[in-house]
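Asks: Starting off with a structure, shown below.
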Amino acid sequence: MSQAGTILIVSAAVADQCTHCLIVISFLLSACGRAAKKHRIMGGDASPGSWPWHAFIVTYGPNGFTQCGGSLITNQWVLTAAQCITSSNYRTEVHLGGYNQSALNPNEVTLKVADTICHPAYNYLTHGNDICLLKLSAPVNFTDYIQPICLASKNSTFHNGTSSWVTGYTDYYAHANVLQEANLPILGNNECSCYYQNYYYYYYYYYYSWLPKITENITCTQSKYEQKGPCYKDEGEPLMTKAGSVWVQSGIVSYSFCGGPSLYTRVSQYQKWISDTVTGTPPGFVTFTSPGTDSDLNFTCPTSPPFTSPSSFPTDFTTDFTDVLVTDDSVFDSGENLIHFTHLTSLCILVVLLHVFAGNGI
């Protein structure tokens, strides 16, 4: 019997005996989800090589360029959000192995995208099936700074509160030069639907007329009042959970209010589509099973304010923000969301300027 055949039999036997653990099947044949560089992951600025599967995607169109995140899943395929790809006719480049966009990255490799395959049922209005695969123009050589990540298989479960990480190049609405990292717990879909559909509808009543639906194809995170997490332009970034020494991607950033509940395309729901689409070396799929019972199953959404639709836009936000300590405006550290006060602040500034100009006779 060949060595590969022996490995498959052993992995099958292990899978039959393991019920509440990480079951690595594809990993035995294709090393994925391992960072060669050992760094303490603390949040904030990432260290070189901490996230070797991270991909920075830039698309150049007639009106400039757009940027998104992504993840390397094989030596020639990158996983990202469908909303990141506005047209297959535009030139798209993928940067791998970098972490600081304001300095020289000697380990960075830039490749063009040869083919773009987004999910055929993607809906740009509802963000449904927000997933896309990019085929690189050539296979990339793996190094300590460039490695593929494992993907969550269809039978994976990530219970409410499961510790996860997300990366991105934003610093609270602004672009960050150094790759950022943040630790966020999984928010069960019942609780996510409660906070996302009601809580944010309350605070953004006059700003947003709709919100994406929370379905089985969606997973969520929520930093509660710590004000950290993905922000605008972090679309396509991977949501990751570590089991032992292996990192598993469970989601793709799809929709987010900075510092609020964030929605991700649930990778495990698309195992078949990914496997059928990727050519060449197959990606490594891993079954992650959270132990115990998911507390989200017993969650009941409160009916008292602020979980009701207001007759007018609220002006008092002290109930939910008095405990926030503003020490840094980074979305990956802590900082209060100031979007609520934007119009009031602008009006005050305008009044002051008019008063000054009038007093000086201008």
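The values are calculated or read from the model by the stated rules, or taken from the named source; none is laboratory data. Source: prediction; values computed, not measured. Neighbour counts run over all protein chains shown; Cβ positions are idealised from the backbone, glycine included.
Asks: Take the residues in region 44-73 that are surrounded by fewer than 24 Cβ atoms within 10 Å (Cβ to Cβ) and of a type in the set (S, T, N, Q), then tell me which one is modelled with the lowest pLDDT.
Replies: N63
Asks: Can I ask one more? Can you report the number of residues in region 74-97 which are surrounded by 18 or more Cβ atoms within 10 Å (Cβ to Cβ) and closer than 20 Å to I252 by Cβ?
Replies: 15
Asks: Among F332, F341, F288, F313, which is the only one that is modelled with pLDDT under 75, among the hydrophobic types (A, V, I, L, M, F, W, C) and not in a loop (DSSP other than H, G, I, E, B)?
Replies: On inspection, the qualifying residue turns out to be F341.
Asks: Right, something else. Name the single residue that is nearest to N107 (Cα to Cα) among those in region 154-182 being among the small types (G, A, S) and surrounded by fewer than 19 Cβ atoms within 10 Å (Cβ to Cβ).
Replies: Within region 154-182, the match that is nearest to N107 (Cα to Cα) is A174.
Asks: Does S250 satisfy the condition of being surrounded by 16 or more Cβ atoms within 10 Å (Cβ to Cβ) and small (G, A, S)?
Replies: It is true that S250 is surrounded by 16 or more Cβ atoms within 10 Å (Cβ to Cβ) and small (G, A, S).
Asks: Cβ-Cβ distance below 8 Å, separation of 6 or more or different chains: which pairs start in region 57-78 with a residue that is farther than 15 Å from T116 by Cβ and end on one that is of a type in the set (G, A, S) and part of a strand (DSSP E or B)?
Replies: Matching pairs, first to second residue: G69/A55; G69/G168; S71/A55; L72/A55.
Asks: All but one of (1) at pLDDT 95 or above; (2) more than 30 Å from F299 (Cβ to Cβ); (3) hydroxyl-bearing (S, T, Y) hold for T157, so report the exception by its number.
Replies: (2)
Asks: Right, S262: farther than 12 Å from T219 by Cβ and of a type outside the set (A, V, I, L, M, F, W, C) or not?
Replies: No; evaluated as a whole, the condition is false for this residue.
Asks: Follow-up question, since we're still on this one. If I ask for residues that are part of a loop (DSSP other than H, G, I, E, B), farther than 20 Å from T170 by Cα and in contact with a Leu (Cβ under 6 Å, 6 or more places away or on another chain), which ones from region 69-113 would you list?
Replies: Residues satisfying the conditions are I73, Q76.
Asks: Report yes if some residue within region 271-283 is assigned to a strand (DSSP E or B) and touching a residue at least 24 places away in the same chain (Cβ under 8 Å); otherwise report no.
Replies: Taking every residue of region 271-283 in turn, none turns out to be assigned to a strand (DSSP E or B) and touching a residue at least 24 places away in the same chain (Cβ under 8 Å).
Asks: Could you check how many residues of region 137-169 are closer than 23 Å to T293 by Cα and either free of Cβ contacts under 8 Å to residues at least 24 places away in the same chain or of a type in the set (S, T, Y) (or both)?
Replies: 6
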